[in-house]
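Each remark here refers to the structure printed beneath this line.
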Amino acid sequence: MGHRKFSAPKHGSLAFLPRGRARRIIARIRHWPEYTGKEPKLLGFAGYKAGTTHVIYIENKKTSPQYGQEVTKVATVIEAPPMFVIGIRGYSKDINGYRLITEVLADPSTYPKELKLDRVLTLPKKENYNFEEKMAKFEENVEKFTQIRLLLATQPTIAGIHKKKPEILEYPIGAASIESALEYAKSKIGKTIVVNEVFSPGQFVDVIAITKGHGFQGPVKRWGIRILQHKSRKTKRGVGSIGPWHPARVMYTVPRAGQMGFHQRTEYNKIILKIGSSGEEITPKGGFPHYGVVKSNYILLLGTVPGPVKRLIRLRDAIRPPKSKYELPESRGEYQITYISLESKQ
């Protein structure tokens, strides 16, 4: 008889504990990259996950074994309609982090009619709001600012998603100085920003979103442990021992039942294959399952992203891009896509 093995390697990752539900369905971005460019720009954008398809492109990574050849891979379509700039916020930084100093909202007369901002904000009245006076008071505090952010609203009514209530998001402005960031913010307030102004094809971005929720699940599905034999004591869908006598408690490393999914996750260095303005060129026959037709601007990302369809996906400039010069976008150039599948996904 051979040697019988009584141990097994660890099942499931302990990297993300505790596995609790996210507080909000909109992901929170806690860190932003350091901007080194000359011209001021927004450091992120947002869109709605429409679905996945597959593309054929010519591999332009010089260190890849498939360099110069056609490669077939999965790609995700994110519909990214223009975002409306509601206002500007000025922050100062101390030992406790960033602290809001003051803000200014756009002139209420500039709000688009289809943007249902009254569903999420208490808007100022047009008669009593003096935008020039508010902006002058905002500029008086410019010496206190260490960061300027734009207050943005998504426009789901423009997208193919059946939704009216917009999401309110903050994105910082990357600039060489506070003065140039302020000038950029003043030129954008009360207007819309399109995704082409923020990202470009071939660029690395980070994807932050809330994953698909699975509710309360047992340890077999949640941790991937083995189902015990039918003669086992008390239970089959659980671990054989939940721990020793001492310490007299259940350790956090023991697979137990609990919440599975609906967690905030960040995926680094996703590549933008394409940015388009016409959703017809990317929508499959019959539309994307559970989403429909892409009607506005879109981003085609290589690979998959967290969350189900219709979930809000937040994007930012890559905070830790590859260090190898062969992997940077400037050494690769734009991706040459030879085929995008538009066959029905039903």
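Test each condition in (1) surrounded by 17 or more Cβ atoms within 10 Å (Cβ to Cβ); (2) touching a Leu at 6+ places or on another chain (Cβ under 9 Å); (3) over 26 Å from Asn60 (Cβ atoms); (4) not aliphatic (A, V, I, L, M) for Gln264 and report the one that comes out false.
The failed condition is (2).
Which residues, taken from the stretch 33-70, are among the aliphatic types (A, V, I, L, M) and surrounded by fewer than 17 Cβ atoms within 10 Å (Cβ to Cβ)?
Ile56, Ile58 - these are the residues of the stretch 33-70 that are among the aliphatic types (A, V, I, L, M) and surrounded by fewer than 17 Cβ atoms within 10 Å (Cβ to Cβ).
Can you tell me which condition Thr266 does not meet? The list is (1) at pLDDT 95 or above; (2) part of a loop (DSSP other than H, G, I, E, B), and all the others hold.
(2)
Quick one: Ser241 ticks every box in (1) small (Gly, Ala, Ser); (2) without any contact (Cβ under 8 Å) to a residue 12 or more places away in the chain; (3) surrounded by 14 or more Cβ atoms within 10 Å (Cβ to Cβ) bar one, so which box is it?
Looking at each condition in turn, Ser241 falls short on (3).
Of the residues Lys49, Lys73, Lys62, only one is touching a helix residue (DSSP H, G or I) at 6+ places or on another chain (Cβ under 9 Å) and among the charged types (D, E, K, R); which?
Being touching a helix residue (DSSP H, G or I) at 6+ places or on another chain (Cβ under 9 Å) and among the charged types (D, E, K, R) holds for just one of Lys49, Lys73, Lys62, which is Lys62.
If the requirement is being among the charged types (D, E, K, R) and over 16 Å from Gly44 (Cβ atoms), which of these qualifies: Glu167, Glu143, Glu197?
Of the residues listed, the single one that is among the charged types (D, E, K, R) and over 16 Å from Gly44 (Cβ atoms) is Glu143.
Just to be sure before I move on: is Pro306 at pLDDT 95 or above, part of a loop (DSSP other than H, G, I, E, B) and crowded, with 17+ Cβ neighbours inside 10 Å in the structure I sent?
It is true that Pro306 is at pLDDT 95 or above, part of a loop (DSSP other than H, G, I, E, B) and crowded, with 17+ Cβ neighbours inside 10 Å.
Which one is nearest to Phe138 (Cα to Cα) among residues in the stretch 193-221 that are modelled with pLDDT of 95 or more and among the polar types (S, T, N, Q)?
Filtering first and then ranking leaves Thr211.
Can you tell me which of (1) touching a Phe, Trp or Tyr at 6+ places or on another chain (Cβ under 9 Å); (2) within 28 Å of His54 (Cβ to Cβ); (3) not charged (D, E, K, R) is the one Thr266 doesn't meet?
Here Thr266 meets the rest and fails (1).
Scan (1) among the small types (Gly, Ala, Ser); (2) more than 30 Å from Tyr268 (Cβ to Cβ); (3) part of a helix (DSSP H, G or I) for the single condition Gly190 breaks and write down its number.
That leaves (3) as the condition not met.
For the stretch 67-128, which strands (runs of 3 or more DSSP E) that fit wholly inside it have 3 or more residues that are more than 25 Å from the chain's Cα centre (by Cα)?
Where strands (runs of 3 or more DSSP E) fall fully within the stretch 67-128 and carry at least 3 residues being more than 25 Å from the chain's Cα centre (by Cα), they are 97-105.
Can you tell me how many residues within the stretch 96-117 are exposed (fewer than 10 other Cβ atoms within 10 Å of the Cβ) and over 21 Å from Ile148 (Cβ atoms)?
2
Condition first: among the β-branched types (Val, Ile, Thr) and assigned to a loop (DSSP other than H, G, I, E, B). Now tell me which residues in the stretch 199-243 satisfy that.
Thr211, Ile225, Ile227, Thr235, Val239, Ile242
The values are calculated or read from the model by the stated rules, or taken from the named source; none is laboratory data. A quick note: this is a predicted structure, and the numbers were derived from the prediction, not measured. Every residue, glycine as well, gets a Cβ built from its backbone with ideal geometry; the counts of neighbours run over all protein chains shown.
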